[in-house]
Amino acid sequence: MNGLGTTQDPYLQAFRGSFTSALRWHQLDDLWARILEHADAGWFLYAVGEPPPMVAADAERVRNFIAEIDRLLRAEHREDYCGIVYANDLRAPTFIKIYDPGNLGVVCGFSDEPPLPGWVMSLIPPVDLPSTRPLPKSRRRWWKRLLG
């Protein structure tokens with residue numbers, strides 16, 4: 001068990017569902033473009049370790065989040081591949097897990113205690129995911145600055 005309980009909550013069911021990685025940077029660009037086409041769809045932007053949002057972000061906040069998270073991922077994940085952003089469907093995403101480049105652990109493969117993502121974007125209102133680590137202060141400040 002990974003600490004996420006056994007509830008039948010729709011968010012947790014979606015969280016545990018099947019995901020595909022945006023393995024290459026151009027695939028991440030394509031994923032962002034698809035989200036930006038529907039920035040006003042009702043995306044919940046959740047920084048794991050912070051209280052989950054109660055309301056969906058407006059389109060401007062979604063656009064700002066994508067610009068900032070993309071900048072952070074490219075600056076801190078200095079690889080020729082991405083591989084740390086997963087979507088339930090790369091062509092029509094409704095649930096996206098974004099792993100923190102500073103806390104990757106065992107993201108892919110099998111683990112009894114896989115790390116939680118740093119951020120989750122979903123069209124389903126989130127529930128509080130237990131954090132396996134305290135959120136670094138620099139990430140807290142980044143998140144607070146981004147969302148005000």
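The values are calculated or read from the model by the stated rules, or taken from the named source; none is laboratory data. All figures in this text were calculated on a predicted structure; none of them were measured in a lab. SASA here: full protein model, heavy atoms, side chains in, ligands and nucleic acids out. Shrake-Rupley method; radii C 1.70, N 1.55, O 1.52, S 1.80 Å.
For ASP58, ASP70, give me the order by solvent-accessible area with a 1.4 Å probe, most accessible first, ignoring ligands, DNA and RNA.
Of ASP58, ASP70, the descending order of accessible area is ASP58, ASP70.
Could you work out how much longer the chain between VAL127 and ASP40 gets when fully extended? Use 0.36 nm per residue separation minus the Cα distance between them, nm to one decimal.
Going from the current span to full extension adds 29.2 nm.
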